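Everything below concerns the one structure shown next.
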Amino acid sequence: SKCDFEADSCGWFEAISGDHFDWVWNSRSNLLAEFEQQAPPRDHTPNTTEVYAINHFHSLCLFFFRFYDHGLSVGAAELQLHVEDSNDSTVLWRVLCNQGNQWSQATIQLGRLTQPFHLSLDKVSLGIYDGVSAIDDIRFENCTLSLPAESCEEPDFFWCRRSKACIEKLLLCDLVDDCGDHTDEVDCVPEFQCNFENGICNWEQDTEDDVDWTRKHGPTSTLNTGPMKAHTLGTAKGHYLYIESSEPQVSQNRATLLSPVLNATDAGGCTFRLYYHMCGKHIYRLAIYQRVWSNTRDSCCGRYLGIKATDG
């Protein structure tokens with residue numbers, strides 16, 4: 001599903017009228033002369049608001065759009081998620097000030113949303129009209145659930161019992177309803193899963209590190225670094241664990257989360273899976289180690305499994 005605003009506004013509409021501060025379907029040729037210096041030189045599509053209610057989405061669903069926010073007093077803009085039968089909204093994306101005389105792309109991970117929802121793009125005026133905001137080329141990708149299949153005989157795929165969709169076995173027991181009928185989440189071992197909605201499950205905070213992981217919902221306190229929402233529920237109501245890399249932490253402080261002791265795996269091997277979010281300068285690294293035990297906690301050695309480092 002996509003919209004380039006060439007023919008019309010594709011069902012997006014101004015939610016509050018009469019406030020003299022509206023999103024307007026327009027082109028540069030029709031702009032008032034006073035806005036020409038701040039406006040984009042051309043429409044993004046050929047290079048020369050609210051949306052319809054949407055139903056169940058795939059766990060890999062992404063939402064893209066191009067935005068332009070230029071001017072000395074252009075003000076802030078944010079995209080919000082509104083789920084049906086809920087009075088709460090979730091901020092998905094936000095810019096606070098002048099982004100320069102250029103089109104930029106926003107990419108939002110919507111994930112699996114099981115209730116109908118709509119999106120709103122909200123613009124905040126500073127009361128001084130010295131700037132132009134514009135959006136273009138809206139599109140959703142990988143958002144439809146898998147269609148029913150007549151058969152699903154590939155060894156690495158699972159045939160959903162009621163929806164008859166054929167999904168990868170890697171998606172089984174990942175705490176997300178990938179089938180659309182929950183049958184990919186029914187034969188799972190609870191001890192091997194945790195979505196942090198009711199605590200940290202059978203994981204433990206290490207007592208010999210420097211910082212503890214914090215369970216939270218909604219955005220983090222440091223602007224434009226932490227996630228806006230949890231992965232499992234896809235809204236600000238969902239919970240996740242995070243650590244704050246800003247003050248009062250210092251360089252190379254460690255926050256270690258310990259899993260329970262697991263039994264030896266079968267010949268097919270074992271896959272450990274998690275979703276992570278890392279954003280911000282000098283965040284350093286996230287590492288995963290496999291600890292091999294002998295008889296006591298003090299007799300253990302670690303084998304490095306993975307790492308993610310970022311500097312921005």
- request: Please go through the stretch 129-163 and pick out each residue that is assigned to a strand (DSSP E or B), in contact with a Lys or Arg (Cβ under 7 Å, 6 or more places away or on another chain) and charged (D, E, K, R).
  value: 136, 137, 139
task: Search the stretch 209-231 for residues that are small (Gly, Ala, Ser) and pair each with any residue that is open to solvent by 60 Å² or more (accessible area, probe 1.4 Å) and not in a loop (DSSP other than H, G, I, E, B) when their beta-carbon atoms are under 8 Å apart and the residues are at least 6 apart or on different chains.
output: 230/217
statement: In the stretch 247-283, anything loosely packed, with under 14 Cβ neighbours inside 10 Å, within 25 Å of the chain's Cα centre (by Cα) and among the hydroxyl-bearing types (Ser, Thr, Tyr) is listed as 271, 276
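May I ask you to list the residues in the stretch 280-293 that are at pLDDT 70 or above and farther than 16 Å from residue 251 by Cα?
If we filter the stretch 280-293 for residues that are at pLDDT 70 or above, which is where we start, we get 280-292.
288, 289, 290, 291, 292 - these are the residues of the stretch 280-293 that are at pLDDT 70 or above and farther than 16 Å from residue 251 by Cα.
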query: Given the structure, is residue 296 at pLDDT 90 or above, over 30 Å from residue 110 (Cβ atoms) and surrounded by fewer than 14 Cβ atoms within 10 Å (Cβ to Cβ)?
result: no
task: Being open to solvent by less than 20 Å² (accessible area, probe 1.4 Å) and modelled with pLDDT under 90 is the filter here, so list the residues in the stretch 139-173 that pass it.
output: 143
Complete set of residues in the stretch 79-121 that are of a type in the set (Asp, Glu) and in contact with a Ser or Thr (Cβ under 9 Å, 6 or more places away or on another chain): 88
query: So, of the residues in the stretch 184-205 that are touching a Lys or Arg at 6+ places or on another chain (Cβ under 8 Å) and of a type outside the set (A, V, I, L, M), which turns out to be least open to solvent (accessible area, probe 1.4 Å)?
result: 199
Within the stretch 233-246, tally of residues that are open to solvent by 30 Å² or more (accessible area, probe 1.4 Å) and either at pLDDT 90 or above or over 18 Å from residue 89 (Cβ atoms) (or both): 7
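The values are calculated or read from the model by the stated rules, or taken from the named source; none is laboratory data. Values in this document were obtained by computation on a predicted structure and should not be read as measured data. Backbone-built Cβ (ideal geometry, glycine too); neighbour counts: all protein chains shown. When the accessible area is computed, the model is the full protein with side chains, heavy atoms only, and any ligands, DNA or RNA have been set aside. Shrake-Rupley method; radii C 1.70, N 1.55, O 1.52, S 1.80 Å.
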